[in-house]
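The values are calculated or read from the model by the stated rules, or taken from the named source; none is laboratory data. The model shown is predicted, which means the values in this text are computed figures rather than measured ones. When we count neighbours, we look across all protein chains shown, and the Cβ atoms used for this are built from the backbone with ideal geometry, even at glycine. These area figures cover heavy atoms from the full protein model, side chains too; ligands, DNA and RNA do not enter into them. Shrake-Rupley method; radii C 1.70, N 1.55, O 1.52, S 1.80 Å.
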Amino acid sequence: MLKYKNLPTEIRIILLTTYHPKDSGNEHVEEGRASLYKSVVSNSCKEMSCYSDFPFPEDYPNYVPNSQFLDYLKMYANHFNLLKHIQFKTKVCSVAKCSDFTVSGQWEVVTLHKEKQESAIFDAVMVCTGFLTNPYLPLDSFPGINAFKGQYFHSRQYKHPDIFKDKRVLVIGMGNSGTDIAVEASHLAKKVFLSTTGGAWVISRIFDSGYPWDMVFMTRFQNMLRNSLPTPIVTWLMARKINNWLNHANYGLMPDDRTQLKEFVLNDELPGRIITGKVFIRPSIKEVKENSVIFNNTSKEEPIDIIVFATGYTFAFPFLDESVVKVEDGQASLYKYIFPAHLQKSTLAIIGLIKPLGSMIPTGETQARWAVRVLKGVNKLPPPSVMIEEVNARKKNKPGWFGLCYCKALQADYITYIDELLTYINAKPNLFSMLLTDPHLALTLFFGPCSPYQFRLTGPGKWEGARNAIMTQWDRTFKVTKARVVQESPSPLESFLKLFSFLALLVAIFLIFL
């Protein structure tokens with residue numbers, strides 16, 4: 001929980017979070033808190049998942065283990081002197097409108113700290129609890145599970161692969177957690193099955209020429225290209241590209257619905273474990289028996305000792321009344337995924353309740369930058385009727401004719417969404433004017449990775465180091481991998497082009513002075 005007092009507009013804001021400095025590596029799974037298994041590594045590389053004015057250390061690997069990610073958060077907190085504002089080990093019991101809310105917009109927040117309950121009035125509240133705290137465990141969808149004599153648990157409970165030693169393991173759910181756990185289990189288990197209902201696109205963190213996948217995929221040029229093409233063409237091109245690394249049909253991974261994009265599964269090892277018979281891909285479960293399961297499309301029983309339900313999460317706000325934020329069908333009525341659309345006073349913001357096709361750190365940061373300006377009264381929101389109309393249109397999730405089509409309501413186009421928020425705070429870089437003043441930077445912004453430093457080039461919160469961070473991002477990317485420097489010999493074609501360019505320059509000079 002973070003408290004900010006005496007801001008320029010003299011408002012008091014409370015941020016409700018689940019972060020704690022000992023979260024990483026904690027063996028105890030706490031109710032209502034996110035949980036990590038020991039081997040978790042980021043799915044977004046360090047240059048794409050840092051705070052926009054605070055790059056990761058140069059010696060960090062491109063994809064950061066959770067313990068080092070925690071160290072980075074501590075560095076950030078110390079650098080910006082945030083720890084003095086943070087009160088740890090505090091439970092938020094309730095957040096309720098004050099009796100004069102329609103006039104003041106204030107909130108009464110009841111907290112529990114060191115077994116002492118306290119109440120305080122705040123001008124604004126930002127809820128940053130995320131959506132990875134409430135495990136979704138649909139046991140009713142698995143006939144016979146109550147008769148199962150083995151062990152079963154949600155992936156949230158998983159910490160180490162030791163429990164799988166010499167066991168026959170079934171992992172249900174082919175998201176990032178499910179595939180990670182199946183791969184880890186396959187190194188110790190007797191046999192591992194990975195059950196998927198609809199399949200998924202599996203990609204490697206290592207993309208073209210060994211570049212981090214998101215630094216290649218997440219560019220303004222690529223995004224413009226994807227959004228300019230008809231959806232069937234975009235999905236066909238994407239499927240063709242992904243299948244270049246791994247033919248999903250041959251491995252039983254091909255998504256059933258290829259018109260709507262699900263979250264990519266990032267796993268470098270899965271194909272190798274499948275092709276060596278360490279992991280077996282299977283369809284959904286037909287029936288669970290005492291010591292075995294039967295998969296759909298077969299009558300054969302497969303002996304199983306442990307079942308891991310990697311079936312995802314739901315989200316809820318138990319400290320808020322339903323009249324403030326109501327969750328229905330995995331959605332909430334939030335304007336721009338942030339503000340409850342129906343409130344008379346927009347003094348409560350939800351940060352991080354979105355699943356962009358990109359990193360959550362810069363997404364949440366950009367949401368917070370705009371939200372704070374709204375809470376301070378610098379930016380104004382449209383009337384509730386306009387916001388509700390937009391929210392309802394988004395809930396219908398009608399597929400468009402161009403660009404990617406997302407299968408879930410919380411999913412969003414990363415660059416398009418952040419650019420929209422940056423426009424509200426007057427911080428979106430203007431590439432057209434930049435072409436005249438700084439063409440090298442403009443071309444780098446358009447064709448290069450859309451790294452978070454772009455969001456600090458201009459406007460409120462401008463960071464003087466943003467340009468340099470952008471122009472040196474590839475240096476930091478390969479600093480940790482180029483431990484052995486090899487002198488590369490130029491190819492004959494490269495040598496010919498250099499010679500041709502030199503001769504063309506000589507001819508041009510000759511013609512000028514002729």
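Matching residues to (1) assigned by the TED database to the domain that holds residue 216; (2) in contact with a helix residue (DSSP H, G or I) (Cβ under 9 Å, 6 or more places away or on another chain); (3) over 15 Å from residue 220 (Cβ atoms); (4) without any contact (Cβ under 8 Å) to a residue 12 or more places away in the chain:
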| position | (1), (2), (3), (4) |
| --- | --- |
| 415 | no, yes, no, no |
| 460 | no, yes, yes, no |
| 476 | no, yes, yes, no |
| 479 | no, no, yes, no |
| 482 | no, no, yes, yes |
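Of the numbered conditions (1) of a type in the set (Val, Ile, Thr); (2) in a strand (DSSP E or B); (3) out of contact with any Asp or Glu (no Cβ under 8 Å at 6 or more places or on another chain), residue 311 satisfies every one except a single condition; which is it?
Unmet for residue 311, out of (1) of a type in the set (Val, Ile, Thr); (2) in a strand (DSSP E or B); (3) out of contact with any Asp or Glu (no Cβ under 8 Å at 6 or more places or on another chain): (2).
Being part of a strand (DSSP E or B) and either crowded, with 18+ Cβ neighbours inside 10 Å or over 22 Å from the mean Cα position of the chain (by Cα) (or both) is the requirement here; does residue 322 meet it?
Against the criterion (part of a strand (DSSP E or B) and either crowded, with 18+ Cβ neighbours inside 10 Å or over 22 Å from the mean Cα position of the chain (by Cα) (or both)), residue 322 does not qualify.
Among the candidates 170, 246, 229, which residue alone is touching a strand residue (DSSP E or B) at 6+ places or on another chain (Cβ under 7 Å), open to solvent by 40 Å² or more (accessible area, probe 1.4 Å) and touching a residue at least 40 places away in the same chain (Cβ under 8 Å)?
Numbers: 170 fails: open to solvent by 40 Å² or more (accessible area, probe 1.4 Å); 246 fails: open to solvent by 40 Å² or more (accessible area, probe 1.4 Å).
Testing whether each residue is touching a strand residue (DSSP E or B) at 6+ places or on another chain (Cβ under 7 Å), open to solvent by 40 Å² or more (accessible area, probe 1.4 Å) and touching a residue at least 40 places away in the same chain (Cβ under 8 Å) leaves just 229.
What are the pairs with Cβ atoms under 9 angstrom where one residue, in segment 121-141, is exposed (fewer than 14 other Cβ atoms within 10 Å of the Cβ) and the other, located anywhere, is modelled with pLDDT under 90 and assigned to a loop (DSSP other than H, G, I, E, B)? Sequence gap at least six, or different chains.
That search, which allows pairs on different chains as well, returns 121/12.
From the residues in segment 142-167 that are in a strand (DSSP E or B) and among the aromatic types (Phe, Trp, Tyr), which one is surrounded by the most Cβ atoms within 10 Å (Cβ to Cβ)?
Going residue by residue through segment 142-167, those that are in a strand (DSSP E or B) are 151-154.
Adding the requirement that they be among the aromatic types (Phe, Trp, Tyr) leaves 152-153.
Numbers: 152: 19, 153: 15.
Only one residue tops the list, namely 152.
Looking only at segment 206-214, decide whether some residue is under 30 Å from residue 301 (Cβ atoms) and not in a loop (DSSP other than H, G, I, E, B). Full working, then the answer.
Pass one, segment 206-214, residues under 30 Å from residue 301 (Cβ atoms): none.
No, that holds for no residue.
Answer yes or no as to whether residue 333 is touching a Lys or Arg at 6+ places or on another chain (Cβ under 7 Å), of a type outside the set (D, E, K, R) and either assigned by the TED database to the domain that holds residue 123 or under 29 Å from residue 454 (Cα atoms) (or both).
The answer is yes for residue 333.
Does residue 352 fit the bill of being within 23 Å of the chain's Cα centre (by Cα), modelled with pLDDT under 90 and on the phi > 0 side of the Ramachandran plot?
No: the conditions fail for residue 352.
Can you name the number of the only condition in (1) within 22 Å of the chain's Cα centre (by Cα); (2) surrounded by fewer than 21 Cβ atoms within 10 Å (Cβ to Cβ) that residue 379 fails?
Looking at each condition in turn, residue 379 falls short on (1).
For residue 419, which of the numbered conditions (1) in a loop (DSSP other than H, G, I, E, B); (2) at pLDDT 95 or above fails to hold?
Looking at each condition in turn, residue 419 falls short on (1).
Could we say that residue 337 is buried (at least 17 other Cβ atoms within 10 Å of the Cβ), at pLDDT below 90 and within 24 Å of residue 266 (Cβ to Cβ) here?
The answer is no for residue 337.
Modelled with pLDDT under 90, open to solvent by less than 20 Å² (accessible area, probe 1.4 Å) and not aromatic (Phe, Trp, Tyr): which single residue out of 393, 427, 412 fits that description?
That would be 412, the only listed residue that is modelled with pLDDT under 90, open to solvent by less than 20 Å² (accessible area, probe 1.4 Å) and not aromatic (Phe, Trp, Tyr).
Looking only at segment 458-487, filter to residues that are closer than 17 Å to residue 209 by Cα and aromatic (Phe, Trp, Tyr); which one of those is most open to solvent (accessible area, probe 1.4 Å)?
The extreme case among them is 474.
Just to be sure before I move on: is residue 246 in the same structural domain as residue 199 (by the TED database) and under 22 Å from residue 413 (Cα atoms) in the structure I sent?
no
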